[in-house]
Amino acid sequence: MSKFIVFSGIDSAGKSTQIELLKVEYFKLKQKCFVFWSRGGYTPGFQKFKNLLRIFLGNKLAKPGNTPQRRKVLSNSFFRKLWLIIAILDLIYYYCIYLRFMKLRNFNIICDRYLMDTLIDFNIAYPNEKIEDWILWKLLNYTSLKPDVHFILAISVVESKKRSLKKNEPFPDSSKDLSLRLNNYIDYAKSNDKVDFIWCEKSVKIVNDEIVTKLNKHGILDDY
């Protein structure tokens, strides 16, 4: 039976690296594997929607990233709520329908970021909106495909900034936002015994060994 594995965590903690290692092993085992990256407001469907808007609105549509034009547009309550509603509806399609379709096709799904990551994004960017109290968010949370295993990979704020600089990240978080993210992940892991929290300030191999051990504990990749 195909499995659904989620990787969450602070920027530059090694999610992409560990996902790629896991993907390679699935291929070695001749099992179908599908990697899906997601972020509220940045999914493929939302990007297509914004591309269509750019055709009609041209330069009036804010450019991606933390630009003054984008901040100005989203400072308007109407446009901010509209943006969030469309982003959540888009996630409902991907998390509730698309991923289930891929699972029915017997793909092992590895998700790079999921519900918790987007909720943290929204709460940091729009703290007054209280997204978790929205009926639409509750619908998304209730209907989304539930992971068989959920990993949270974490590193310190200092290490995250150091790695982001080395990777030349175009839109790195501030130290304040990184601290908020890290604390949110730690609190979430403490309150959810189904989450596997891994501190990743060690070699890639040691982290990978921990992930494999935890997957085997869950009955996944026994032949790894």
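Note down the magnitude of the dipole of the chain about its Cα centre, charges +1 on Lys and Arg C-beta and -1 on Asp and Glu C-beta and zero elsewhere, to the nearest 20 debye. Mind dumping the intermediate values first?
Working: 37 positive and 23 negative charges, 178 e Å.
Dipole size: approximately 860 debye.
So if we plug the beta-carbon distance of Lys146 and Ile85 into 1/(1 + (r/R0)^6) with R0 = 22 Å, what FRET efficiency do we get, rounded to 0.05? Calculated transfer efficiency: 0.40.
When Asp209, Asp117, Asp173 are compared by accessible surface with a 1.4 Å probe, the order from highest to lowest is Asp209, Asp173, Asp117. Protection proxy ranking of 186-196, 37-47, by the mean of other Cβ atoms within 10 Å over each peptide's residues and highest first, is 37-47, 186-196.
Estimated from the Cβ-Cβ distance and a Förster radius of 30 angstrom, the FRET efficiency linking Tyr93 and Ser203 is about 0.20.
Please find the FRET efficiency linking Trp37 to Tyr126, where r is the Cβ-Cβ separation and R0 is fixed at 25 Å, and quote it to the nearest 0.05. Mind showing how you got there, number by number?
Numbers: r = 22 Å, r/R0 = 0.87.
The value I calculate is 0.70.
Listed by chain and number, the aspartates and glutamates placed with their C-alpha closer than 12 angstrom to that of Lys15 are Asp112; residues fewer than eight positions away on the same chain are left out.
Taking all protein chains as present, what is the carbon and sulfur share of the accessible area of the chain, in % to the nearest whole number, probe 1.4 Å?
Details: 7440 of 12680 Å².
Here it works out to 59 percent.
For the range 72-147, a crude dipole built from +1 on the beta carbon of Lys and Arg and -1 on the beta carbon of Asp and Glu, taken about the Cα centre, is about 200 debye to the nearest 20.
Please label the shape of the range 161-224 as rounded, prolate or oblate, based on the square roots a ≥ b ≥ c of the eigenvalues of the alpha-carbon gyration tensor (a/c under 1.5 means rounded; beyond that, a/b larger than b/c means prolate, else oblate).
On the way: a/c = 3.21, a/b = 1.53, b/c = 2.10.
Taking the square roots of the gyration eigenvalues as a ≥ b ≥ c, the range 161-224 is oblate.
Under a 1.4 Å probe, what is the accessible area of the chain per residue, stated in Å²?
On a per-residue basis, the chain sits at 57 Å².
The values are calculated or read from the model by the stated rules, or taken from the named source; none is laboratory data. Here the structure is a predicted model, which is why all the values come from computation and not from measurement. Here the Cβ is made from the backbone with ideal geometry for all residues, glycine too, and neighbour counts use every protein chain on show. Note: areas computed on protein heavy atoms with side chains; ligands, DNA, RNA excluded. Shrake-Rupley method; radii C 1.70, N 1.55, O 1.52, S 1.80 Å.
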